[in-house]
Every structure is written in structure tokens, then in C-alpha cells.
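The values are calculated or read from the model by the stated rules, or taken from the named source; none is laboratory data. It should be emphasised that the depicted structure is a prediction, and the values quoted were computed from it without experimental measurement. As a convention, Cβ positions derive from the backbone with ideal geometry for all residues, glycine included, and neighbour counts pool all protein chains shown.
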Number of protein chains: 2
Amino acid sequence: MIVPPPNLRIDGARLWQSLMAMAAIGATPKGGVCRLALSDEDRAARDRFVGWCRDAGLAVRVDRLGNIFARRAGRDAALPPVVIGSHLDTQPTGGKFDGAYGVLAAFEVVRTLDDAGIATAAPIEVVVWTNEEGSRFAPACVGSGVYAGAFDADDSLSRADRDGKTLGAELARIGYAGPAPMGGAVGAYVEAHIEQGPILEAEGKTIGIVTGAQGIRWYDVTLEGQAAHAGTTPMDRRRDAIQGAAMLIAAVDAIALEQAPSAVATVGALSVAPNSRNTIAGSVTLTVDLRHPDAPVLAAMDRAFRARAAAIAKARRLDARIVDVWDFPPPEFDRGCVAAVRAAAARAGFSHRDIVSGAGHDACYMARIAPTAMVFVPCADGISHNEIEAATPADLAAGCDVLLGAVLALAGEVRG
Amino acid sequence: MIVPPPNLRIDGARLWQSLMAMAAIGATPKGGVCRLALSDEDRAARDRFVGWCRDAGLAVRVDRLGNIFARRAGRDAALPPVVIGSHLDTQPTGGKFDGAYGVLAAFEVVRTLDDAGIATAAPIEVVVWTNEEGSRFAPACVGSGVYAGAFDADDSLSRADRDGKTLGAELARIGYAGPAPMGGAVGAYVEAHIEQGPILEAEGKTIGIVTGAQGIRWYDVTLEGQAAHAGTTPMDRRRDAIQGAAMLIAAVDAIALEQAPSAVATVGALSVAPNSRNTIAGSVTLTVDLRHPDAPVLAAMDRAFRARAAAIAKARRLDARIVDVWDFPPPEFDRGCVAAVRAAAARAGFSHRDIVSGAGHDACYMARIAPTAMVFVPCADGISHNEIEAATPADLAAGCDVLLGAVLALAGEVRG
């Protein structure tokens with residue numbers, strides 16, 4: 001393993017400037033970002049990123065899922081690239097750093113190598129994955145999932161948002177349905193990201209060495225009762241879908257608490273029909289998100305959820321329909337790749353700890369086809385998927401320095 | 001009191017035809033009607049009604065709230081009119097009979113009198129009240145409420161729907177912001193309506209003699225927590241608005257059951273922000289509808305609701321905001337007017353029983369300024385506010401016959 005010069009550091013101010021320039025696209029009044037996958041804002045962010053990459057002399061290609069790869073050549077064209085990056089789409093009321101940090105930290109690594117005149121043996125590619133958030137098109141991490149063979153490309157392109165617009169049509173509309181072949185060998189994949197949880201901040205650590213992630217199961221649940229007049233329908237004759245939904249929401253909470261402290265479970269989206277104040281709800285659709293780092297525990301949570309949904313439907317005389325949207329087994333990252341991140345953090349002198357990701361990331365799919373690792377940095381109060389999401393310039397720069405060190409180790413710095 | 005010829009009957013087939021012709025406006029694929037207040041469909045329904053009235057030689061006027069009055073002259077112009085009618089707006093997934101029956105039964109009464117060449121001492125006015133349902137603009141029964149002095153006209157015209165469009169602007173858009181003066185003396189008000197509940201059908205009665213209605217309280221509740229990542233935020237750090245909402249929905253159910261059997265309580269509409277499957281809900285807004293025929297019990301339900309909302313907010317670390325949308329005390333109808341309906345049902349030979357309305361109606365406001373009564377007919381399975389709402393032609397004709405008899409008694413048939 002070739003050790004980089006110990007004093008090589010990324011430019012933290014330049015990284016911060018690029019983050020703020022990107023955060024201006026889809027900026028919300030409350031200081032966050034709304035840049036839904038394949039929206040006009042997503043297109044503007046992609047255009048800005050591609051412009052920067054072309055200015056930096058990188059070769060840009062786009063595949064049919066809209067994944068963008070910006071390539072810095074290596075000395076040995078036969079070597080598979082070290083791929084670094086993340087995503088540019090956000091939650092409806094998202095923050096400035098979730099995703100954008102991983103992309104722009106990767107770009108900052110390339111700029112730093114250019115400035116220092118450092119070549120690597122393997123090529124380096126900065127990647128932007130399509131539709132990581134999954135809030136417009138389900139499931140999440142579609143671009144990396146197709147790349148890694150976890151999802152079918154045609155099926156993914158046919159997924160529709162709430163307005164019936166498909167991922168494929170929207171990609172074409174914004175000009176990012178590209179011609180590049182899908183997939184290809186990857187030497188290593190490293191993604192930098194804010195932690196999106198409270199652990200690093202609470203323990204005063206600068207760097208999280210991510211060893212793997214939680215397993216995730218997503219469901220869409222529809223409860224069908226009968227719409228009826230709110231004033232004239234006696235309580236004992238009601239088939240009220242919203243009362244069933246309330247019981248199911250409480251059950252989802254209980255399922256997580258029964259597997260404390262590692263389990264989390266969430267109902268994040270819900271809609272009611274006809275949604276009128278003086279009509280009993282005829283139907284409710286809601287989402288369920290269950291997570292645990294151990295596959296057997298996650299399977300037990302899945303069984304508990306199905307059993308309780310059935311019991312609630314029976315008690316409330318409702319019809320319950322459960323659609324499995326995503327089943328994501330807990331991934332483990334590559335020991336060698338994780339070790340490279342750990343060594344880079346130690347060499348740069350940053351406090352660090354191993355950590356399991358609570359969130360799903362594109363890295364979780366890339367781990368299926370390439371040695372993969374992630375670098376976490378703290379975020380304020382552990383809050384993400386919120387407009388107040390925040391991280392310090394110093395922590396963001398530290399994570400980028402660790403990414404730089406890991407990339408040099410994995411791509412092979414070429415001396416002279 | 002002048003007794004009408006015992007064999008005078010309305011034309012049930014013509015009534016049914018006019019109901020079906022009206023139900024075609026805003027017809028839904030499932031056999032119901034979507035004709036939200038002041039929508040293009042509401043305009044089309046109003047236009048059709050006004051056209052029929054003009055064809056029948058009635059004098060039509062529209063006041064600034066969009067209430068339509070179609071007047072059949074009486075022999076004594078100094079007498080205040082007997083007003084009969086209901087509303088033409090519907091729930092988002094409403095039925096063919098809620099409201100439209102009262103309007104078209106009233107119109108059928110006028111046609112029957114015309115055909116028989118019967119004059120009355122007092123004028124008869126067929127009324128269409130604006131925005132009875134309250135599902136587009138809150139509160140409900142706005143047109144009759146302003147007429148009766150319960151609501152301020154300017155305030156009511158400024159009420160906005162979810163898209164920010166005001167009732168006043170929408171009235172002007174559809175051409176029903178009229179020049180007629182608001183209010184005026186009413187000799188008696190009688191409204192025919194489907195029961196919207198199961199009692200008449202269960203007991204095999206054809207006619208309900210409505211003696212009064214339940215009191216109603218409406219609220220808008222907002223629960224504010226903190227949006228955060230569903231995967232990375234530990235359960236014990238969450239401020240999950242949807243979990244608070246679930247507890248409040250269950251509490252609303254319990255409040256009704258504690259006052260069984262007369263109380264009903266409903267959460268009919270709910271919306272979540274940001275409403276994304278992998279983000280903990282930052283805020284939830286929901287509606288609450290509490291009803292009871294006795295004012296002191298309704299006040300106790302109000303107190304219980306506020307106390308539980310506060311306790312739930314505290315337990316879940318949420319901010320709860322309750323807006324009082326409507327406070328409608330239980331109305332009692334006029335004994336003489338109710339007696340006229342009861343006598344008409346008995347004379348016509350229909351089985352009948354006294355009944356308290358579970359729903360609010362325009363008659364409830366009119367009862368504040370005029371002797372008021374209502375005629376109920378059964379509906380299938382007691383279901384209303386649903387596209388499958390149904391009633392038989394025979395029952396609808398029977399209710400219309402009773403309305404005719406009551407009108408003749410109240411307006412005073414003129415012989416010779």
C-alpha cells in the first residue's frame with residue numbers, strides 16, 4: 001500500500017463553497033433543499049455538477065438510469081476504477097448535505113489530486129446515483145441498485161410517482177436518459193455522508209468508520225372500510241379506516257420498542273379518502289418502514305407487523321392489503337476497504353469509531369459487486385431529512401480528507 | 001288549518017327523473033356524485049335548477065352568498081313565504097340524494113300545485129343553500145347560516161379552500177354572487193332529506209318526523225414534532241407527529257364510546273408533512289367532529305378532547321394547536337311546524353316516527369329565525385356521504401307527499 005504525503009489536505013473552504021452553491025438549487029425558505037429526483041431542480045443540480053466536472057477536465061458519461069460518472073484517468077487503463085460519490089436528489093423538505101456532501105467531497109478529492117499533480121494507478125470516478133431518496137419513486141437507491149444488479153432496469157424505469165409520471169419518462173424529460181452501458185467492474189467504492197444520526201456528535205468523534213448498515217423493509221398498506229356520514233352513523237356500525245390506521249401506527253411503534261434499542265420503525269406517509277371532515281374515512285393508505293441490523297430480528301419484525309395488521313383489520317372490520325415495496329437485507333462492508341478508511345482517519349489524526357449505518361445508502365448496493373466502505377461525519381443533533389440539517393465546515397473537511405486518504409490507498413498513488 | 005284534498009299526490013316518476021338528471025352532473029364512475037361547492041359542477045347543477053324554475057314560471061333571485069330562491073307567488077303578497085329546499089353541493093365522494101332530494105322534492109311540490117291549479121295564501125319559495133357540506137369551505141351550512149344571522153357574510157365570503165381560493169371569489173367566478181338582499185322574514189321552513197342513518201330502515205318506517213338535531217363541534221388540530229430520518233433517529237429521540245395523531249384518533253373514538261349510545265366522534269381528514277416514507281412526520285393536521293343531542297354532554301366531550309390532546313402532546317413532546325372551527329348548539333324544531341309534518345304523514349297514511357337528526361342541516365340554522373321542520377325518508381343501510389348512497393323511488397315520493405301536505409297546511413291553501 002502506498003502512503004500519501006501526510007500533509008496533503010483537501011481545500012475545506014472550496015468544498016464548503018461548492019456545497020453552498022449546490023444547496024442554492026431547490027433552496028427552501030427555511031434553509032433546506034427540495035430537489036426531488038428528476039425534478040427541474042434535480043436537472044439543474046446535475047447540470048451544475050456536470051459543468052464543474054467538464055471544467056476540471058473529467059470525462060462525463062451517463063447511463064440509461066441517469067447515473068452520472070465523471071472519470072479521472074489512471075496510469076493503468078486496465079484497472080477498474082475507484083468509484084466515489086453519492087446522490088443529488090433530496091427529500092421534499094431535505095437538507096443541504098444528505099447526498100450532496102458525498103458527491104462534492106468526491107469532486108473535491110479529484111480537484112485536490114489535480115492541484116497536487118498526483119496520479120493514481122487506477123482511474124477515479126465521481127458518481128451521482130439516480131433517485132437515492134425514494135420519496136418520489138419507490139424504492140430508494142434505484143440507480144445504484146440497478147447498477148449492482150439488485151433491480152431490473154426496465155422495471156425501475158417504469159416506476160411512477162404519485163402523479164403517474166414514470167422514472168423513465170422523467171429521465172428523458174430532463175435529458176438524463178444516457179447512452180452509456182449499465183454496470184461495469186468497480187475496483188472499490190467509497191461514499192462519504194453525514195451520519196444522519198446522533199452517535200458521533202454525542203461521543204465527540206469526528207469520523208465514523210461504517211462497517212455495514214441496517215436491513216430495511218418497506219411496505220404500502222391500504223385499509224379499506226366504508227365511507228359514511230360522520231353525524232348519522234352510530235359508532236358500532238362504523239368501518240372507519242382511519243381508526244384502523246391509528247391502531248396500526250401504534251402497532252408499528254410497539255414493534256420497534258419490542259426490539260429496542262437497535263430497531264426503528266416508522267409510518268412516514270399517509271393519505272385518507274375521501275378526506276372530508278364530516279365523512280368517516282373509507283380508505284387509508286400508509287407506508288411502513290422497519291429496520292434492524294440483524295436479519296433474523298428484521299424477519300421477526302416483519303412477521304409481527306403482518307400479524308398485527310391482520311388482527312387490526314379483523315377487529316375494525318376493514319380489508320387490509322399489504323404490498324411489499326422493498327426488502328433490503330443488512331449489508332456488511334468489505335473488511336479491507338473499511339480498513340483503508342480507518343487507516344486514513346488515524347493517519348490524518350481524527351478521532352473515530354466504527355458505526356453501523358441506520359440509513360440505507362447507495363453503498364449498500366455497491367457492496368454486492370465491489371469492495372465498499374463509507375465515511376461518516378457528525379451532523380447537528382443527529383437530524384437529517386429536515387430543512388435544519390446542519391454540519392460544520394471542519395467536520396465536512398475532515399471527512400473529505402479521510403476520503404482522500406482512502407482513495408489514494410485504494411487507487412494506488414503513482415510516484416514520479 | 002285548511003286541509004288539502006286527500007288524493008292530491010306528487011308525481012313520483014317526475015321527481016325521480018329530475019333526481020337522476022341532476023345526479024348526472026358530477027357523476028362518478030362508482031355511481032355517486034362529486035359536486036363540490038362552487039365548482040364547475042356546482043355551477044352546472046345551479047344552472048339546470050334555475051332553468052327548470054324559469055320554465056315553470058318561478059321568479060328566481062340570488063343573494064350575495066349565492067343562495068338561490070325560486071318564488072311561486074301567493075294570494076297575499078304581505079305574507080312571508082313558506083321556504084322549502086336544501087342544497088346541491090356534495091361531498092367529494094357523495095351520493096345522488098343528499099341535498100338534491102330536498103331541492104327537487106320542493107320543486108316537485110310546486111309543479112304539483114301548478115298542475116292541480118292550487119293557489120296558496122303565502123308565497124312558496126324553493127331554496128338552494130350555498131356550501132352546505134362544508135367539505136370545500138368550512139364551516140358547513142354557510143349559506144343558511146349567514147341568512148339566519150349565525151355567520152358574518154364578509155367573513156364567510158373570505159373563507160378559503162385548500163388551494164387558497166375564497167368562497168367569495170369562487171361565487172363570482174361561477175356567476176352566483178347575486179344582487180338580492182340577504183335575509184328576510186320566513187313564514188315557515190321545511191326541508192326534506194334522506195335520513196343518512198339506519199333507524200327508519202331498521203324499524204320499517206317510511207317517514208321520519210324530525211324534532212331537532214345533534215349539537216356539533218368541529219376542530220382543526222395541528223401536531224408539530226420534528227421531521228427526521230426514519231433510519232437513523234432512535235425511537236427515544238423522536239418527536240413523531242404521526243404517532244401523536246394516532247393516539248389522538250384513538251382518544252376521539254374513546255370519547256364517543258364513553259357517551260354511548262348517542263354520541264358520535266370522527267377524525268375524517270388528515271394530512272402529514274413532509275409525508276415521505278423514510279422521514280419521521282414533522283407535522284400532522286387533522287379534523288375532529290364531536291356530536292351529541294344534549295348540550296351539557298357535548299360540552300363534556302369538548303373538555304375531554306382538549307385535555308387528552310394536551311396530554312398526548314406532552315407525552316410525545318409535540319406542540320398541539322387546536323382551532324375551533326364550528327360550535328353548533330343542538331337545535332330544537334318548532335312544535336307547530338313539526339306537528340304539521342306529522343299530520344301530513346298521518347293523513348297520507350305513511351308509517352312514521354319522531355327522530356333526532358344526526359347530521360347538521362340548513363334547517364338547523366333556519367330554526368333560529370323561522371318555524372322549522374324536516375321530513376326524513378329511509379336510505380339503504382343508513383349510508384350517506386358515500387357514492388353507494390341509495391333510496392327507493394317509493395320512499396322519496398312518500399317524503400315529497402308529506403312535504404306537499406305540510407306546505408299546504410303552512411302556506412294555506414286557497415279554495416276557489
The condition of being over 13 Å from the mean Cα position of the chain (by Cα), modelled with pLDDT of 95 or more and either basic (Lys, Arg) or under 18 Å from B:ARG43 (Cα atoms) (or both) holds, among B:LEU157, B:LEU113, only for B:LEU157
I need the full set of residues from segment B:367-382 which are within 14 Å of chain A (Cβ to nearest Cβ) and crowded, with 24+ Cβ neighbours inside 10 Å, in order please. B:MET374, B:PHE376, B:VAL377, B:PRO378, B:CYS379
Do we have any residue at all in segment B:400-410 that's within 14 Å of another protein chain (Cβ to nearest Cβ) and at pLDDT 95 or above? no
Among the numbered conditions (1) under 21 Å from A:ALA192 (Cα atoms); (2) surrounded by fewer than 24 Cβ atoms within 10 Å (Cβ to Cβ), tell me where A:ALA160 comes up short. (1)
Would it be correct to say that A:ARG54 is assigned to a helix (DSSP H, G or I) and more than 17 Å from the chain's Cα centre (by Cα)? yes
Tabulated pairs, segment B:392-416, first surrounded by fewer than 18 Cβ atoms within 10 Å (Cβ to Cβ), second outside any helix (DSSP H, G or I), C-beta under 6 angstrom, 6+ apart or interchain: B:VAL414/B:ARG75; B:VAL414/B:ALA119; B:VAL414/B:ALA121
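Kindly provide the set of residues from segment A:356-393 that are outside any strand (DSSP E or B), more than 18 Å from A:LEU15 (Cα to Cα) and of a type in the set (Val, Ile, Thr), ordered by number.
Once the filter is applied, which keeps residues that are outside any strand (DSSP E or B), more than 18 Å from A:LEU15 (Cα to Cα) and of a type in the set (Val, Ile, Thr), segment A:356-393 yields A:ILE369, A:ILE383, A:ILE388.
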So, of the residues in segment B:299-340 that are at pLDDT below 95 and among the aromatic types (Phe, Trp, Tyr), which turns out to be farthest from B:VAL402 (Cα to Cα)? B:TRP326
Which residues, taken from segment B:211-231, are crowded, with 24+ Cβ neighbours inside 10 Å and either more than 12 Å from every other protein chain (Cβ to nearest Cβ) or of a type in the set (S, T, N, Q) (or both)? B:GLN214, B:LEU223
Does A:PRO198 satisfy being within 14 Å of chain B (Cβ to nearest Cβ) and surrounded by fewer than 23 Cβ atoms within 10 Å (Cβ to Cβ)? yes
Considering every residue within segment A:291-313, establish whether at least one is buried (at least 20 other Cβ atoms within 10 Å of the Cβ), at the interface with chain B (Cβ under 10 Å from one of its Cβ atoms), of a type outside the set (A, V, I, L, M) and within 20 Å of the chain's Cα centre (by Cα). yes
Quick check: is even one residue across segment A:222-229 out of contact with any Lys or Arg (no Cβ under 9 Å at 6 or more places or on another chain) and over 30 Å from B:LYS96 (Cβ atoms)? no
Considering only residues that are in contact (Cβ under 8 Å) with a residue 60 or more places away in the chain and part of a helix (DSSP H, G or I), which ones fall in segment A:317-345? A:CYS337, A:VAL338, A:ALA340, A:VAL341, A:ARG342, A:ALA343, A:ALA344, A:ALA345
Filtering segment B:249-264 for residues that are touching a residue at least 40 places away in the same chain (Cβ under 8 Å) and at the interface with chain A (Cβ under 8 Å from one of its Cβ atoms) leaves a count of 2
B:LEU290: out of contact with any helix residue (DSSP H, G or I) (no Cβ under 6 Å at 6 or more places or on another chain), farther than 30 Å from B:VAL407 by Cα, touching a residue at least 12 places away in the same chain (Cβ under 8 Å) and not in a loop (DSSP other than H, G, I, E, B), yes or no? no
When the residues of segment A:346-366 are narrowed to those that are within 14 Å of the chain's Cα centre (by Cα) and of a type in the set (Gly, Ala, Ser), which ends up farthest from the other protein chains (Cβ to nearest Cβ)? A:ALA363
Exception for A:GLY102 within (1) under 15 Å from the mean Cα position of the chain (by Cα); (2) of a type outside the set (Val, Ile, Thr); (3) part of a loop (DSSP other than H, G, I, E, B) falls at (3)
Answer yes if at least one residue in segment B:89-99 is buried (at least 24 other Cβ atoms within 10 Å of the Cβ) and in contact with a Phe, Trp or Tyr (Cβ under 8 Å, 6 or more places away or on another chain), and no otherwise. no
For segment B:271-290: of the residues being at the interface with chain A (Cβ under 7 Å from one of its Cβ atoms) and within 21 Å of B:ALA359 (Cβ to Cβ), which is nearest to the chain's Cα centre (by Cα)? B:ASP289
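Which residues, taken from segment B:236-269, are within 17 Å of B:ILE312 (Cα to Cα) and within 28 Å of the chain's Cα centre (by Cα)?
B:ALA245, B:LEU248, B:ILE249, B:ALA250, B:ALA251, B:VAL252, B:ASP253, B:ALA254, B:ILE255, B:VAL267
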